[in-house]
Every structure is written in C-alpha cells, then in structure tokens.
1. Restricting the search to segment 447-468, which residues are surrounded by 15 or more Cβ atoms within 10 Å (Cβ to Cβ) and at pLDDT 65 or above?
2. So the check is Cβ under 6 Å with 6+ separation or different chains; which pairs have a first residue in segment 518-533 that's of a type outside the set (Phe, Trp, Tyr) and a second one that's more than 15 Å from the ligand (Cβ to nearest atom)?
3. Working carefully through the options 240, 233, 178, find the one that is in contact with a Gly (Cβ under 6 Å, 6 or more places away or on another chain), buried (at least 22 other Cβ atoms within 10 Å of the Cβ) and among the charged types (D, E, K, R).
4. Criterion first (in contact (Cβ under 8 Å) with a residue 40 or more places away in the chain and over 27 Å from residue 112 (Cα atoms)) does residue 164 satisfy it?
5. For residue 103, work out the one condition from (1) over 29 Å from residue 188 (Cα atoms); (2) touching a residue at least 12 places away in the same chain (Cβ under 8 Å) it doesn't fulfil.
6. Picking from 118, 99, which residue would you name as being surrounded by fewer than 17 Cβ atoms within 10 Å (Cβ to Cβ) and closer than 28 Å to residue 345 by Cα?
7. Which of the residues spanning segment 346-369 are of a type in the set (A, V, I, L, M) and within 16 Å of the ligand (Cβ to nearest atom)?
8. For segment 243-255, give me each residue that is crowded, with 23+ Cβ neighbours inside 10 Å and farther than 30 Å from residue 368 by Cβ.
Amino acid sequence: MRAINNQSLLVQLVQGAAVALGSLLALSAQAAAPGITGPAFALSAAATRISQPNGKSVYAWGYGCSATPAGYAPALNVTPACPAAQLPGPTLIVTEGQLVTVTLTNNLPAAVGNTSILFPGFTVTTGGTGTPGVLTQEAPNAATCLTAGCNTVTYTFTATTPGTHSYYSGTQGDLQVEMGMYGALIVLPSTPPTACDGGIAAQNVAAKAQSGEGDYRLAHAAYDHPASCYDREYLFQFSEMDDNVHTQAEQQVLADQAKATGCTSPTGCLVVATEPYVPGYFLVNGRSMPDDMDPNYAPQYPSQPYNGNPHMHPGELTLVRIIGQGRWQHPFHEHANHVRVLARDGNMLTSGANGTGALAGPLMFTTTTTPGMTMDGIFYWTGKGLNWDVFGHAAGILNQDPNSSTFKTVDVCIPDANGYYTGWNPADGSYNVAVASAPNYFEWCGDHTKALEKNPTGQVASGGPMTLPDPNIVKNGSWYAGSPYLGGEATGRAVGATPIPPAGTVANSPSSEAGYAYMWHSHNEREITTDNVFPGGMMMMMLVDPRAFAIDETN
Ligand SMILES: [Cu+2]
C-alpha cells in the first residue's frame with residue numbers, strides 16, 4: 001500500500017478504533033520479551049484451546065513445558081506459568097555459545113501421530129533419540145510406542161548465532177504449524193559491546209531510574225555489535241489461522257478417541273485439508289487485537305501467555321524482534337518512524353563478513369516477514385520533524401515538574417551533538433546525569449518553544465498553526481488526553497484559564513499515562529479484522545510516554 005493511501009486508512013482506523021479501545025489504554029499492560037531460560041528445556045506437545053476476541057474458543061496444538069522450567073525472564077510481578085501447551089510455544093532464552101538441549105515429549109492425541117521441532121540455522125543432533133521422520137528425528141506418539149517414556153526426542157545444538165530465531169514443527173508442517181506448533185528462540189550475545197553500557201545508553205538507564213522505572217531488557221545488545229545496543233525490547237510473532245482446519249482436526253481427533261481401537265500410525269490418522277486456505281484470524285503472539293494489549297500471563301488466556309503492546313519514551317532505542325510464523329507474508333507497519341533492520345534470521349546485515357563492519361541494514365517502512373523468517377530492528381521516536389514543541393514549552397512559562405508537582409522553569413533545551421537534550425556536554429564529551437530527571441529528556445531542541453496553538457486553550461498567546469479542540473468538549477474521545485502535549489505541561493497547558501478541567505487530562509494525567517498512541521498493524525487490511533470484523537487481528541497501539549510516566553513492564 002502506498003503511503004498516501006495509508007494516511008486516509010489510518011484516519012479511518014483511528015476513528016474506528018477509538019471507541020472500541022479507549023478504555024483499554026488504562027490497563028497499561030507492557031510487554032518486553034518474556035520467556036523461559038535454559039540452556040536445558042523440557043518441552044511438551046499437546047492439544048489445548050485458545051480464545052479469540054469474538055468469543056470463539058479454537059482447538060489448537062502447541063508446545064509447552066513438560067516440567068517446571070529453569071527460570072523465567074525477565075522478572076515480572078505477575079506469576080509466570082508454562083502450561084503443557086501454549087500458543088506460541090514458550091520463548092526459549094539462551095546465551096550465545098551455550099549447549100542447548102530440548103527434550104520434547106509428545107502428548108498429542110493419538111490421531112495426530114508423531115511430532116518434532118526444527119531449529120533452523122543450527123546444527124542439531126539427536127543422539128539416536130526419537131524416531132526418524134522426513135526432516136528430523138521425531139517424538140513418537142505415546143499411542144504408537146508402547147513403553148513408558150518412549151514418546152520423547154532430545155535435540156542438542158550449540159547456540160552459535162545470537163539474535164531472534166524461530167522454532168516449529170518439522171512433521172506435517174502444513175497442519176501442525178497451522179495448529180499452533182511454533183515458538184521463538186532468543187540467543188543473547190556472549191560479548192555485547194561495552195559501548196552499550198556507557199554513554200547515551202547509560203544516560204537512558206539513569207533516566208529510567210529517575211522515574212523509578214525498572215530495566216526489563218534481556219541484554220543490552222542484540223548482537224556482538226555496537227549498532228545493536230537497545231534500551232527496550234519487544235517480540236512479535238505473526239501468524240494467521242483458518243479455524244476450518246482446526247474444526248476438522250478436532251472432529252477427527254474426537255472421532256478417533258471414540259473408537260474402541262484408536263489410531264496407532266506414526267503419521268497419524270487425520271485427513272484434514274489445508275487447502276483452500278481461508279484464514280479468519282490474524283494473530284500477534286497468539287492473540288488478536290484487543291486481547292494482545294492485555295497483560296502477559298493474563299489469567300483469561302491460559303494458553304496465550306504473551307501480549308504485544310509496545311511502550312517507549314522519546315529517544316529510546318527499541319529492539320523489535322519479529323518472526324513470521326504462518327503461511328502468509330505479514331507487512332507489519334510500525335507507525336511514527338521507520339525501522340532500521342539489524343539482522344535477518346539471526347544474521348547481522350553489515351558491510352563486512354560475519355557481522356563485522358558497519359551496519360548495512362535497510363530502513364523499512366513495513367517490516368514484512370515471509371514465513372519462517374525472523375528480523376531484528378531498531379525503532380525510536382523523538383518528535384523530530386513534527387515542527388512543534390511536543391512538550392509544550394513556551395518562553396517565560398513555568399512548567400509543572402512531574403516529580404514534585406511544583407511549578408518551576410524547566411523549559412531549557414541544550415542540544416547534544418545530534419540536536420537532542422540528553423545532558424551531553426559538547427565541550428568535554430561528558431554527560432550530566434542530572435538531566436535525566438528533566439521531563440523533556442530527549443527533546444528535539446530544533447522545535448523548542450515552537451507554538452502549536454493558534455487559538456489557544458492553553459497558554460500560548462499566538463503564532464501556532466493549530467486551533468485546538470475545546471477541552472470541555474468530550475466528544476474528542478477517550479484517546480485524546482485533553483492535551484496535545486507530553487509530560488508535565490500536558491495538564492497545565494490544556495486547562496489554562498478554562499475553569500472546568502477537561503476530563504481527559506484528569507482521568508489520564510501525565511503521572512498516570514497520557515502518551516501519544518500510534519497504531520502498529522498489518523498493512524494487509526484484511527489482517528486487521530477478526531473473523532471479518534474490524535477492528536481486530538494484527539493490530540496494537542504503541543504508546544510514547546513522557547519521562548513523567550514510569551513504564552512498568554512487570555506484567
Ligand atoms: Cu500503517
């Protein structure tokens with residue numbers, strides 16, 4: 001889709017989504033990239049059900065845990081869990097160079113037959129475990145191998161390359177992958193660059209600490225390369241689902257279980273047509289919008305533990321880990337900026353061989369994943385180019401300090417070498433860590449004090465291009481905080497001399513969450529529906545939050 005068409009599409013989307021989604025913003029569920037830690041994993045394959053926002057319960061197969069995992073990462077306030085089957089499968093988190101072992105136990109219904117896992121990009125050995133299949137050694141179905149514990153296979157490989165990788169079934173892939181048998185493998189770099197612990201990266205950590213914000217990164221870099229430093233991370237697994245396939249599979253499994261003598265064939269006894277393929281569900285991390293914005297491990301999704309709801313502060317380098325897990329391409333569009341691609345399939349895109357030299361990844365409008373492909377990229381938002389002061393600074397105006405609720409003059413903007421207010425001192429290259437507490441931290445100084453309002457509801461007397469809506473008119477919708485500004489000025493500037501505070505900024509003040517919402521969604525319009533109903537599918541809202549709001553990724 002051409003960009004110009006997308007603008008009108010976006011307007012329609014935002015207008016349509018506003019009514020449906022406004023109340024969900026208040027949940028403030030964040031994501032990170034949660035998973036289980038290794039390097040030894042005991043996985044199972046089993047049947048389960050997943051729920052969709054139209055109320056449908058869909059029969060599915062998935063990977064899960066056959067024993068309590070070694071640990072969960074990152075640390076979350078919600079109690080993590082790893083059920084016997086989930087969609088996507090557990091995200092496996094290891095470190096480069098580790099010897100990884102994955103023991104898979106096949107607890108799928110007898111009619112499904114054998115199953116397996118492929119780890120593309122790695123040299124896998126099985127030590128004679130399991131039974132031979134077409135693509136790899138398989139875990140026999142318990143119904144076909146009659147000794148206790150025979151229904152397992154063990155895969156062993158060295159995690160040679162860092163980055164985001166996929167894993168999925170290598171057995172009857174057209175059916176088993178469609179049913180949900182896929183997951184992610186994240187390999188953390190063994191020698192992340194020290195540059196990722198100092199300089200502006202350290203300054204961003206200090207800025208987090210100033211607002212009492214935790215650090216939920218799995219590492220400080222995606223690769224052993226200084227261009228892969230990051231401040232925040234999210235994992236998105238895209239898939240689509242044709243529930244006609246799932247219904248056929250369930251009915252045939254039930255019919256087999258009703259027989260006196262069930263299926264004992266290693267290749268199973270299902271005859272399920274996977275063509276024609278007419279998917280009606282388009283999933284991000286196993287959930288459709290708006291479910292994907294509910295918390296990680298939310299109890300209402302016992303088999304869909306991972307959400308997809310990115311939040312970030314201005315200037316933060318946000319690592320997006322993307323995997324195409326289905327049969328279709330999914331042109332995911334990250335609104336508000338392009339994505340600098342770091343790597344594909346765990347291979348850094350650099351000018352030299354084997355991840356050496358300068359980063360040479362393209363800047364992408366949509367990060368389109370072909371099936372099986374993974375992509376790592378860096379996204380950030382700063383407000384540069386909007387051509388007005390997003391923090392609402394005006395010369396001579398006192399600004400509300402969100403940390404103390406007092407008013408003081410904090411409208412300075414001292415540009416660093418790149419033009420942002422980060423506390424960097426051009427004279428000696430040092431950082432003033434105290435600047436991290438400034439509510440306008442990472443402001444684009446080129447637009448500092450540039451007015452937005454022409455006929456103000458706030459405190460700018462003249463000069464801006466815009467006429468803001470009356471803050472007392474609530475029909476603007478619950479997405480609108482009542483102020484076009486981020487941070488401490490948002491409330492004060494919106495209220496101004498108006499006697500009645502706008503409901504938006506009171507209910508959604510900068511100290512709770514009053515960010516800028518951008519839609520991140522598939523650019524295949526059909527994929528932003530759930531069973532043909534808009535809005536739904538592969539869509540979520542990315543929130544840009546001012547430093548005044550501590551992004552809490554503990555759920
Ligand atoms: Cu778009």
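1. First pass over segment 447-468, keeping only residues surrounded by 15 or more Cβ atoms within 10 Å (Cβ to Cβ): 447-453, 456-460, 464, 468.
Once the filter is applied, which keeps residues that are surrounded by 15 or more Cβ atoms within 10 Å (Cβ to Cβ) and at pLDDT 65 or above, segment 447-468 yields 447, 448, 449, 450, 451, 452, 453, 464, 468.
2. 529/536; 530/53; 530/54; 530/288; 530/536; 531/54; 531/280
3. Numbers: 233 fails: in contact with a Gly (Cβ under 6 Å, 6 or more places away or on another chain); 178 fails: in contact with a Gly (Cβ under 6 Å, 6 or more places away or on another chain).
None of the other options fit; the residue is 240.
4. yes
5. Tallying (1) over 29 Å from residue 188 (Cα atoms); (2) touching a residue at least 12 places away in the same chain (Cβ under 8 Å), residue 103 fails exactly one: (1).
6. 99
7. The answer is 363, 364.
8. 253
The values are calculated or read from the model by the stated rules, or taken from the named source; none is laboratory data. Computed from a predicted structure; not experimentally measured. Using ideal geometry, Cβ is built from the backbone for each residue, glycine included, and neighbour counts are taken over all protein chains shown.
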